[in-house]
1. Within region 140-231, considering only helices (runs of 4 or more DSSP H) that don't extend past its boundaries, which have at least 2 residues that are under 23 Å from V289 (Cα atoms) and within 19 Å of the chain's Cα centre (by Cα)?
2. Quick one: L131 ticks every box in (1) closer than 17 Å to A6 by Cα; (2) in contact with a His (Cβ under 7 Å, 6 or more places away or on another chain); (3) surrounded by fewer than 19 Cβ atoms within 10 Å (Cβ to Cβ) bar one, so which box is it?
3. Determine if region 187-202 includes at least one residue that is free of Cβ contacts under 8 Å to residues at least 40 places away in the same chain and out of contact with any Pro (no Cβ under 9 Å at 6 or more places or on another chain).
4. Name the single residue, out of those in region 243-260 being touching a residue at least 40 places away in the same chain (Cβ under 8 Å) and surrounded by fewer than 24 Cβ atoms within 10 Å (Cβ to Cβ), that is farthest from L214 (Cα to Cα).
5. Of the numbered conditions (1) of a type outside the set (D, E); (2) on the phi > 0 side of the Ramachandran plot; (3) buried (at least 16 other Cβ atoms within 10 Å of the Cβ), G312 satisfies every one except a single condition; which is it?
6. Pairs needed: first member in region 30-54, at positive phi; second member anywhere, basic (K, R); C-beta distance under 6 Å; at least 6 residues apart or different chains.
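None of the figures in this text is laboratory data; all of them are computed from the coordinates on show. Values in this document were obtained by computation on a predicted structure and should not be read as measured data. All Cβ positions, even for glycine, are placed from backbone atoms using ideal geometry, and neighbour counts span all protein chains on display.
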Amino acid sequence: MSGTIAVLGAGSWGTALALALARNGRDVRLWGHSPEHTAQLAADRENRKHLPGTRFPNTLIPEADLHQAVAAAADILIVVPSHGFRDLLERLAPILKPSQRLAWATKGLDARSGQLLHEVADELVGPNRPLAVLSGPSFAKEVAQGLPTAVTIAATDDSFGKDFARAFHSESFRVYTSRDITGVELGGAVKNVLAVAAGVSDGLGFGANARAGLITRGLAEMMRLSQALKADPQTIMGLSGVGDLILTCTDDQSRNRRFGLALGQGNSIDEAVANIGQTVEAVRTAREVYKLAQRISLDMPICEQVYYLVTGEVDAETAVRNLMARAQKAEF
């Protein structure tokens, strides 16, 4: 991957990944949906809103015009919330060149169809275009600061996967490759739902034992879902699965965990979202994971209770009681 890379999405995660690429010698165009925000990025040479104090390298150029950002790029990385993924692809489809390869670091499912994101990309920009997804235990602030981070890149095309990994790989940003796009996407989506459960438990004051139990049984739900969708179970035991699950369930940098904490402490859904001030992916993803599990008749009790919680059908204490009241069973 030599040439310019367009990073589409100028939030904290998109900016952090653009910084990682630029520091690694890549020419980067960073596009954001808000022209005012993009103008601020260009004027200040930093993202004061999301990552204050981290200066942009000279090779990172903010670009307000989507067409211009894409036209200058050899490859494209989408970093927008999952609910905006399809809409952005629909805007991209008419202007993409046949040679441009597409990747994303978005975590979640398509809100309109319940599809995995690579299925949406296949549908909208062609099944023969090389596709890749980046996922793993990675907070934007730490990546922006250059702290050690390890992630997985899964690609439909081995050449693209290796190129994309080389574009990022550095002494502080280690990249592993995979061909299991389904497994990598599932880990990134479901862990956000489980982080809400871990946050709720801690918000209710249930302690470390309960948190560890939720994480472990949540991992079992991720494994069952990956097997049902023909993903490689080993992927769930890697960085994009258990790695991201542990990080998101245990550290308060996670918006989804903080959202759960707020609910456990008695805040309403609206209050919890407002206090965080950024996208809480799990609010939408919980609905999509629940519907997916129902569609394939898969038992995912923790994700189910988070769904009931974010739709207002139960409160935090009731959700936990419902889980604890389940019949005794064998662990495996």
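1. Values: elements: 140-144, 158-168, 181-203, 207-228.
Helices (runs of 4 or more DSSP H) meeting the threshold: 181-203, 207-228.
2. (3)
3. Within region 187-202 (the criterion being free of Cβ contacts under 8 Å to residues at least 40 places away in the same chain and out of contact with any Pro (no Cβ under 9 Å at 6 or more places or on another chain)), the answer is no, since none of the residues qualifies.
4. Once the filter is applied, the top-ranked residue is Q253.
5. (3)
6. R45/R55
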